[in-house]
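Reviewing the structure listed below.
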Amino acid sequence: MSYTRIDMQVTTKLQEIRNTWIDRVSRRLARGEQVRTSLDDQLNYFYDMLIQVLVTGDPAWLHAVLDKWADDRTQTEIRKYDSSIAPILEKMFNVTYETIKEELNETDSLNLIGALLPIYSSLISYIVMKEAELHIEHEALELENARIKMENLDKSKSDFISVAAHELKTPLTLIQGYASMLRDKISDDKNDSSGLLYLNGMEKGISRLHEIINDLIDVSLIDNDILEFNIQPFRVKQLLEYSRNELIRVVQERSQSFEVLDFNGSEEITYGDPERLCQAIRNILTNAIKFTPDGGRITIGGRKLPGYVEITISDTGIGIDEADHVQIFEKFGRLGNTQLHSSSKTKFKGGGPGLGLPITKGLIEAHGGTIWVESEGYDEINLPGSTFHILLPILKEPPDYKFAKLWGSTIEVDIQSNNQK
Ligand code: ADP
């Protein structure tokens, strides 16, 4: 915006009231004598620029002054959005108005106020915009700092998990070694049946601890993006049937039914790490068993989509609240009361550390796939059930030759023998 150039008389009148104006504004804005001296310099400069704007009709002369005032504000002032420069400009205009009225005759007053009013109002709009921009910039910076802090925190958490898991593994292997020696010793002693009972309990605990530590290590491998895969061709159906066979005994213990349906797409061959994919499916199935009451039903099905195969794992269990559909895939995202933590892997509603689904998500995504859940909600009486969907790409060749394992002429891979390695 520019203003029409003003005649000399208006400029002369503005010069006439200069000293009174500076003295008054200075008193109104600053209390201490020292502050006032440095303020006087700035006001003099402002006044010079105001005259320039009147003479040239170009507001940019004053924008530069306002920019400097706005930039000189401290971060604390910027944070408190209300301490803005606009009220200062308003005070300055009030003083201008008072001074003009007192010092000039009516005609000169009207002329000068008429010339200054649009300048002041445009300056106020300018500074409000400028300060809003600064405020947004400041908020963006704060957000970025918070993001960096969170990232560092997440990194330390992930480092801690990795170090703790590796440190725990060494003594656990030692305990496992001694337990196995003890088993040899006790097995020789036919009279010691209670010893065997204690030892079985101990070994069960050791194996559960191993599983948890391995989960912690997997979480840190996924977090740091350093998972390594043993890429091979495999048939989707084989993967699902192997997963079923692994868990069929537990399903029977819980009197649940378990069915793997034939579907268009189950005969597809694709590339991936069958052992890791089995681990992913096992995690979902273990949850399906855990969160479905005795006598419930678990079904694996799916369909073929362009370039993908979709695998669905449904249960007739307690379901998941819609608000938790994302959280369950987050690290330690187990729902409910952690105080009621039971560490049974398959008991109804048995708790776990909340690492199964994040690992599953990490493994599926590392294979170029996606995972999500559908459930009408959490209801232990009406049992709406849950359906987990896995989308896996159908690859005609290994995704990365560097990691691809050399395989023989046969394309069928024995998943079971892979798992036993
Ligand atoms: P964990 O099983 O160790 O608690 P997961 O990451 O495997 O951890 O699962 C996170 C949470 O998601 C579970 O604690 C449970 O609340 C919920 N959940 C997962 N699968 C199901 C399911 N099939 N039915 C109901 N809730 C489920």
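The values are calculated or read from the model by the stated rules, or taken from the named source; none is laboratory data. What you see is a predicted model, and the numbers here were worked out from it, not measured in a lab. A quick note on method: Cβ atoms are made from the backbone with ideal geometry, for glycine too, and the neighbour counts reach across all protein chains shown.
Which number in (1) modelled with pLDDT of 75 or more; (2) of a type outside the set (A, V, I, L, M, F, W, C); (3) outside any helix (DSSP H, G or I) marks the one condition that residue 365 misses?
Only one criterion in (1) modelled with pLDDT of 75 or more; (2) of a type outside the set (A, V, I, L, M, F, W, C); (3) outside any helix (DSSP H, G or I) is unmet by residue 365, namely (3).
Condition (residue is under 18 Å from residue 240 (Cα atoms), among the hydroxyl-bearing types (Ser, Thr, Tyr), more than 16 Å from the ligand (Cβ to nearest atom) and at pLDDT below 65) applied to the range 398-411: is it met by at least one residue?
Among the residues of the range 398-411, not one is under 18 Å from residue 240 (Cα atoms), among the hydroxyl-bearing types (Ser, Thr, Tyr), more than 16 Å from the ligand (Cβ to nearest atom) and at pLDDT below 65, which makes the answer no.
Residue under question is residue 208, and the condition is that it be surrounded by 18 or more Cβ atoms within 10 Å (Cβ to Cβ) and either in contact (Cβ under 8 Å) with a residue 24 or more places away in the chain or in contact with a helix residue (DSSP H, G or I) (Cβ under 6 Å, 6 or more places away or on another chain) (or both); does it hold?
So residue 208 fails the test.
Within the range 217-224, does at least one residue satisfy the condition of being among the small types (Gly, Ala, Ser), in contact with a strand residue (DSSP E or B) (Cβ under 7 Å, 6 or more places away or on another chain), within 19 Å of residue 356 (Cα to Cα) and in contact (Cβ under 8 Å) with a residue 40 or more places away in the chain?
Among the residues of the range 217-224, not one is among the small types (Gly, Ala, Ser), in contact with a strand residue (DSSP E or B) (Cβ under 7 Å, 6 or more places away or on another chain), within 19 Å of residue 356 (Cα to Cα) and in contact (Cβ under 8 Å) with a residue 40 or more places away in the chain, which makes the answer no.
Does any residue of the range 173-192 turn out to be assigned to a helix (DSSP H, G or I) and in contact with a Ser or Thr (Cβ under 8 Å, 6 or more places away or on another chain)?
No: the range 173-192 contains no residue that is assigned to a helix (DSSP H, G or I) and in contact with a Ser or Thr (Cβ under 8 Å, 6 or more places away or on another chain).
Could you tell me how many of the residues in the range 7-33 are among the basic types (Lys, Arg) and either modelled with pLDDT under 90 or under 52 Å from the mean Cα position of the chain (by Cα) (or both)?
Number satisfying all stated conditions: 4.
Here are some residues: 307, 295, 302, 319. Which one is surrounded by 14 or more Cβ atoms within 10 Å (Cβ to Cβ) and more than 8 Å from the ligand (Cβ to nearest atom)?
302
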